[in-house]
Amino acid sequence: MMRAITSVDIHPLFAERRSPRAFNAATSIPTTDLIAILEAARWAPSSSNTQPWRFLVGLRGDEVFNGILQTLVSFNQGWAFRASALILVTGVNRRPDGAVNAGYQYDCGLSVAQLTLEAHSRGYAAHQMGGFDKAKAVEIFELSEELTPVITIAIGKEGSIDQLDEDMAAREKTPRIRKELSEIVLRGLPN
Ligand SMILES: Cc1cc2nc3c(=O)[nH]c(=O)nc-3n(C[C@H](O)[C@H](O)[C@H](O)COP(=O)(O)O)c2cc1C
C-alpha cells in the first residue's frame, strides 16, 4: 500500500486512497458494496440540503456501462473498460424554485468525495474522470435540460499493472504528490 507522505499522521483513508488505472477485469462489485458506496454519496452535505447529485450506474457489460464507456476520451477508455462499474454523475442545475443553482458542481464534488472514500474503505478503487464527452452523455442517456453531466467514475478492484501500456504502468508506480501546506494555506498555518 503506497501511503502519502504527510506532515503529521492523517486517517489512512486519505493517506492511502489513490486513483489507479489498473483494474481487475475478473471481479465484480457485490450489490451490498455498490449500495453502500451510493449510500455514502447520498449522505453528503449540500447547499440548503438540495442534494443535486443524480447517478447513472453501469456494471461491466451492461447498457449503462457501455454507454458511459463510449463517452470517455480514448485515453480513459484504454483502462476504464476493466472497471467493475462506471458511474456518470449528473447535477441538477436549477433550484426547486427554478433559479440557477450556482453551487451544484460543488455539492456533487462533496458527494463523490464520500463515494470515493466509502469505496476505498471497502477495498475498491474509485477513479474520477473528467475526460469524457458531456454532449455525448446527454445524447446517449437522453438527459433532460435540468441535468448537467459533471464527472464519470470508474470503480473496481485493483489489478496487475502488467496489463497497462508502458506510459500508464509508469504512472501507476509514481508516488502521489501534493503542493506543500505552506503553498495552499495562505494565512494561519500553524508553525
Ligand atoms: C475532477 C477530476 C477529473 C479527473 N479526470 C481524470 C481523467 O479524465 N483521467 C484520468 O486518468 N484521471 C483523472 N483524474 C484523476 C486525477 O488525475 C488524480 O485524482 C490526481 O492525479 C491525484 O491522484 P490521486 O487521486 O491518486 O491522489 C481526475 C480527478 C478529478 C478529481
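For first residues located in the stretch 128-151 and acidic (D, E), partners that are within 14 Å of the ligand (Cβ to nearest atom) and lie 6+ apart or on another chain with Cβ distances below 6 Å form the pairs D133/T71. Can you give me the number of residues within the stretch 9-40 that are within 16 Å of the ligand (Cβ to nearest atom) and of a type in the set (S, T, N, Q)? Within the stretch 9-40, residues that are within 16 Å of the ligand (Cβ to nearest atom) and of a type in the set (S, T, N, Q) number 1. Here T90 does not fit the description of being in a loop (DSSP other than H, G, I, E, B) and either free of Cβ contacts under 8 Å to residues at least 12 places away in the same chain or in contact with a Lys or Arg (Cβ under 6 Å, 6 or more places away or on another chain) (or both). When the stretch 142-156 is filtered for residues that are of a type outside the set (G, A, S) and either touching a Leu at 6+ places or on another chain (Cβ under 6 Å) or surrounded by fewer than 17 Cβ atoms within 10 Å (Cβ to Cβ) (or both), the ones remaining, listed by number, are E142, E145, E146, T152. Scanning the stretch 1-35 for residues that are of a type in the set (G, A, S) and either within 18 Å of G58 (Cβ to Cβ) or under 16 Å from the mean Cα position of the chain (by Cα) (or both) yields S19, A22, A25, A26, S28.
Just so you know, in the stretch 53-76 the residues that are assigned to a helix (DSSP H, G or I) and within 16 Å of the ligand (Cβ to nearest atom) include one that is surrounded by the fewest Cβ atoms within 10 Å (Cβ to Cβ), and it is S74.
Might you check whether a residue that is at pLDDT 95 or above, closer than 21 Å to T32 by Cα, out of contact with any Asp or Glu (no Cβ under 8 Å at 6 or more places or on another chain) and within 13 Å of the ligand (Cβ to nearest atom) occurs anywhere in the stretch 179-191? Scanning the stretch 179-191, I find no residue that is at pLDDT 95 or above, closer than 21 Å to T32 by Cα, out of contact with any Asp or Glu (no Cβ under 8 Å at 6 or more places or on another chain) and within 13 Å of the ligand (Cβ to nearest atom), so the answer is no. Within the option set A102, A170, A126, A83, being under 29 Å from N24 (Cα atoms), of a type outside the set (S, T, N, Q) and in a loop (DSSP other than H, G, I, E, B) holds for one residue only, A83. Hey, does the stretch 136-159 have a residue that's part of a strand (DSSP E or B), at pLDDT below 95 and more than 17 Å from R82 (Cα to Cα)? Scanning the stretch 136-159 turns up no residue that is part of a strand (DSSP E or B), at pLDDT below 95 and more than 17 Å from R82 (Cα to Cα).
Tell me which residues, restricted to the stretch 77-118, are within 21 Å of I161 (Cβ to Cβ) and more than 12 Å from the ligand (Cβ to nearest atom).
Those that are within 21 Å of I161 (Cβ to Cβ) and more than 12 Å from the ligand (Cβ to nearest atom): F81, R82, S84, A85, L86.
Of all residues in the stretch 21-29, at least one satisfies being part of a loop (DSSP other than H, G, I, E, B) and closer than 30 Å to L181 by Cα.
The values are calculated or read from the model by the stated rules, or taken from the named source; none is laboratory data. As the structure is a prediction and not an experimental result, all values here were calculated from the model. Here the Cβ is made from the backbone with ideal geometry for all residues, glycine too, and neighbour counts use every protein chain on show.
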